[in-house]
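Structure record follows, encoded as structure tokens.
The values are calculated or read from the model by the stated rules, or taken from the named source; none is laboratory data. Please read all numbers here as calculations on a predicted model, not as lab measurements. Every residue, glycine among them, receives a Cβ derived from its backbone with ideal geometry; neighbour counts consider all protein chains shown. SASA here: full protein model, heavy atoms, side chains in, ligands and nucleic acids out. Shrake-Rupley method; radii C 1.70, N 1.55, O 1.52, S 1.80 Å.
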Amino acid sequence: MVRMAISRWTTPALRTSLQDAAGSSIIKQIWLLDENPMTEAEFLEKFHMELDDQQRAAMRIAGRHALLLAVPGSGKTAVITARTGYMLFCRGIDAGEILTLTFSRAAAEEMRRRFTETFALPPSQTPAFRTIHSLCRSVLSGHCARTGIPLPDLISERKPVLRGLYRALFPDAEYPEEALISAVDARITYVKNMLFSKEQIEAENLEGVDFPALYRAYEAENRARGRMDFDDQLLMAYRLIRQEPRVLAALRARYHYINVDEAQDTSYVQHRIIYLLAQPGELFMVGDEDQSIYGFRAAYPEVFLRFGEIYPGAAILRLETNYRSSGAIAYAAACFIRRNRQRSEKNMRAAKPVGEPIRIVQFSHLRAQYPWLVKELAGIAPGETAAVLYRNNGSALPLLEALAEAGIAFECAGERSAEFFSCARVRYALGVLDFALHFGNADVFAKVYHRLGIYITRAECEAVLAARAKGDARAPLAMLAELYAGSRREEAVQQCEAELRSMASMQPPRAVQYAWRKANGLPQTADDLQKLNILCALAESCGDLAGVLPCAERLRAWEGAAQNGAHITLSTIHAAKGREFDRVYLIDLMAGILPAEGDAAQAGTSAAEEEARLFYVGVTRARDSLTLVRPMLGYCGLLRASPFIRAFTARMRGSGIPQQR
């Protein structure tokens with residue numbers, strides 16, 4: 001006989017239909033809240049939940065705010081799902097009073113899916129799972145509907161607007177590269193989410209652009225057109241609930257119980273909104289400041305360290321058992337992250353045995369890592385998953401066609417090939433190479449004339465183009481040599497021509513290096529050096545110089561869509577967050593890349609700690625196998641190893657935890 005419990009909060013119509021359907025196959029899938037709530041033991045048995053002691057403590061905490069510090073792989077999603085069900089079935093809480101906020105729309109859908117699969121409740125009896133952006137938009141929409149104030153149109157993509165404003169504000173500047181527009185976009189998100197004042201925004205510096213001027217223009221454009229962006233939704237909702245007591249009171253009356261997932265990725269303004277909503281109710285915040293890697297988006301993990309101060313009397317709970325990674329990986333990761341000081345202490349332990357050794361693979365030259373990775377990935381067993389993780393998107397480029405040619409299906413998460421090729425220094429280097437191969441092409445000349453080292457003015461370039469348009473078939477440099485006849489500049493033009501002709505006969509990697517130096521000078525940063533090394537690796541894979549530019553065009557257009565049957569993932573560490581794989585290869589572990597240069601390399605700084613957290617997130621994506629990969633030599637000389645390799649493996653020596661070199 002099927003036991004059917006009918007909730008006191010079902011409607012009369014639903015109650016009648018449920019009674020009429022008793023014993024049906026539909027009702028067997030539904031378990032509604034009884035007038036007499038379940039015991040914890042009944043709840044766990046009914047829904048086949050196996051929780052450890054820390055997970056059960058988190059599930060049942062009640063009557064006060066709580067922060068749950070959850071190490072990687074500790075089952076935090078399972079706990080939030082269990083806790084939400086426990087609130088319904090054991091505490092007798094109305095589903096409409098419960099709100100779970102997540103970091104992304106995909107996370108909200110996944111949480112809702114897991115809840116529905118576990119408890120099989122109809123939509124009308126399922127608590128809300130939302131992003132904070134969607135909550136804020138509903139707050140604004142409701143207020144506008146009540147007051148008759150029009151709701152601003154939402155900008156779905158900010159970058160095209162910024163690009164147009166940049167060109168209007170700085171007409172003499174070169175076309176903005178994608179990386180610069182992305183940096184401006186991220187900085188706008190940062191200043192808005194950190195609730196910067198006008199004075200603070202005016203003091204913001206961003207290399208390559210007058211950020212305050214562009215920000216002012218962007219805001220003025222949006223006001224004039226009645227638009228808002230995703231970050232404005234947060235700001236406008238925050239101001240509304242602060243200034244309109246009735247709006248805040250209505251939200252508090254509706255949601256008495258608030259769960260927040262991935263709270264380490266929550267921004268300052270989002271935390272302020274949550275604080276206002278949760279004051280009279282019960283807040284359950286879940287996250288791990290050791291996995292906070294979105295500082296550039298204004299993630300604010302500092303709340304974790306001050307939680308007891310912000311929410312007096314709050315409980316601080318922990319999930320410290322890692323069910324994902326092998327003992328070797330979990331131990332090394334736990335030792336490594338203790339280098340950070342801005343964190344809460346957690347004693348991560350593995351549920352799995354020690355497992356296979358952590359591998360540290362060093363190559364004498366960068367070129368050797370790519371065929372080795374292809375061979376490794378080709379040997380992945382059916383049903384196994386593997387990921388190649390890296391700091392910068394460009395690291396994947398030399399692998400894309402190599403894997404495709406080997407017939408290995410893969411997906412490329414977080415792939416932005418176009419951004420790599422939109423970098424001005426990459427474009428200039430490829431442009432100079434193009435000019436060396438197509439000496440008489442006036443269109444190519446027009447793109448790189450100012451990068452040839454012979455100080456050609458725009459007026460002189462336009463004169464050359466005008467002559468070609470009138471039928472002069474001579475090569476652009478030949479025209480300039482005549483124009484400069486008898487001067488030192490004539491010699492400079494002739495020398496440039498000789499260098500370009502020589503470049504066309506070089507081996508591909510050497511020609512790319514020469515083109516880069518001609519266009520940009522020597523690489524001045526680790527990031528530029530990595531870009532040059534990647535271009536050289538691509539050039540070498542082409543076999544001949546004529547294939548380099550077509551290869552670059554193919555990769556520029558690479559869409560990164562998952563291929564059928566793909567069990568291999570290429571991804572930035574940022575894009576891999578929240579995912580896990582049987583095998584993980586962390587590549588391009590070089591000083592200046594991970595950790596990055598500048599403040600990020602200075603021990604004790606917030607930037608340095610975020611770099612360590614990024615590495616920590618990367619290694620803890622691995623279930624059973626972890627391989628750290630570094631080349632010792634690149635196409636331009638020595639490559640210094642990331643100091644994280646030594647720090648990660650240091651405490652493994654003599655600990656009984658295996659490693660393999």
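Return one whole number: the accessible area per residue of the range 37-117 in Å², for a 1.4 Å probe. Could you put the intermediate results ahead of the total?
Details: 3270 Å² over 81 residues.
Ligands and nucleic acids excluded, the result is 40 Å² per residue.
For Val260, nonlocal amide neighbours, meaning residues 5 or more places apart or on other chains whose placed amide H falls under 5 Å from its own, are Leu101, Phe284, Met285, Val286.
For the chain, the Cβ-based charge dipole about the Cα centre amounts to some 940 debye (Lys, Arg positive; Asp, Glu negative; other atoms uncharged).
What number, rounded to the nearest 500 deg cm²/dmol, is the helix-based mean residue ellipticity at 222 nm of the chain, given -39500 (n - 2.57) per DSSP H run of at least four residues and division by all its residues? Numbers along the way, then the final one.
Numbers: 30 runs with 317 residues, N = 661.
Helix contribution divided over all residues of the chain: -14500 deg cm²/dmol.
For the residues Thr649, Thr321, a 1.4 Å probe over the protein chains yields an accessible-area ranking, largest first, of Thr321, Thr649.
Mind putting a number on the dipole of the range 125-227 about its Cα centre? Charges go on the C-beta only, +1 for Lys and Arg and -1 for Asp and Glu, and I need it in Debye to the nearest 20.
Numbers: 14 positive and 14 negative charges, 155 e Å.
Charge dipole, the range 125-227, about its Cα centre: 740 debye, nearest 20.
Counting only protein heavy atoms and using a 1.4 Å probe, the accessible area of Lys518 comes to about 50 Å².
Note on exposure: Arg167, Arg646 ranked by accessible area (1.4 Å probe, complete protein assembly) read Arg646, Arg167, with the most exposed listed first. Rounded to the nearest 0.05, what FRET efficiency do Ala473 and Ile316 give with R0 = 60 Å and r taken as the Cβ-Cβ distance? Could you check? With R0 = 60 Å, the Cβ-Cβ based efficiency is 0.15.
For the range 380-462, what is the accessible area per residue in Å² when the probe is 1.4 Å?
Dividing the accessible area of the range 380-462 by its residue count gives 37 Å².
For the chain, with all protein chains in place and a probe radius of 1.4 Å, 50% of the accessible heavy-atom surface sits on carbon or sulfur. Comparing Pro127, Met87, Ser104 along the charge dipole axis of the range 69-215, the residue lying farthest to the positive side is Met87, per the Cβ-charge model.
Using a/c under 1.5 as the rounded threshold, could you call the range 192-267 rounded, prolate or oblate? The axes a ≥ b ≥ c are square roots of the C-alpha gyration tensor eigenvalues, and prolate needs a/b larger than b/c, oblate otherwise. The partial results should precede the final answer.
Numbers: a/c = 2.72, a/b = 1.78, b/c = 1.53.
Prolate is the answer for the range 192-267, as a/c is 1.5 or above and a/b outweighs b/c.
Note on Lys375: no lysines have a C-alpha under 23 Å away, same-chain residues under 8 apart excluded.
The heavy atoms of Glu302 offer some 70 square angstrom of accessible surface to a 1.4 angstrom probe.
Within a straight-line Cα-Cα reach of under 13 Å, Lys198 can be paired with the following aspartates and glutamates, leaving aside sequence neighbours fewer than 8 residues apart in one chain: Glu219. Solvent exposure of the range 176-283, expressed per residue, is 44 Å² of accessible area, with all protein chains present and a 1.4 angstrom probe.
Around the Cα centre of the range 498-642, unit charges on the Cβ atoms of Lys, Arg, Asp and Glu (plus for the first two, minus for the last two) sum to a dipole of about 260 debye.
In the chain, a dipole from Cβ-located charges (positive for Lys and Arg, negative for Asp and Glu) runs towards its positive end, and of Gly547, Ala237, Met348 it is Met348 whose Cα lies farthest in that direction. Structural descriptor for the range 205-285: relative contact order 29 percent, calculated from alpha carbon pairs under 8 angstrom and at least 6 residues apart.
From the largest down, the chain spans 101, 66, 50 angstrom on the principal axes of its Cα atoms. When the chain is described by a simple charge dipole with +1 on each Lys and Arg Cβ and -1 on each Asp and Glu Cβ, the residue from Leu522, Gly295, Ala466 located farthest towards its positive end is Gly295. Taking a ≥ b ≥ c as the square roots of the eigenvalues of the Cα gyration tensor, the range 371-410 is classed as oblate, since a/c reaches at least 1.5 and a/b does not exceed b/c. What are the aspartates and glutamates whose alpha-carbon lies under 19 Å from the alpha-carbon of Lys46, with same-chain residues fewer than 8 places away excluded? Correct list for Lys46: Asp34, Glu35, Glu117.
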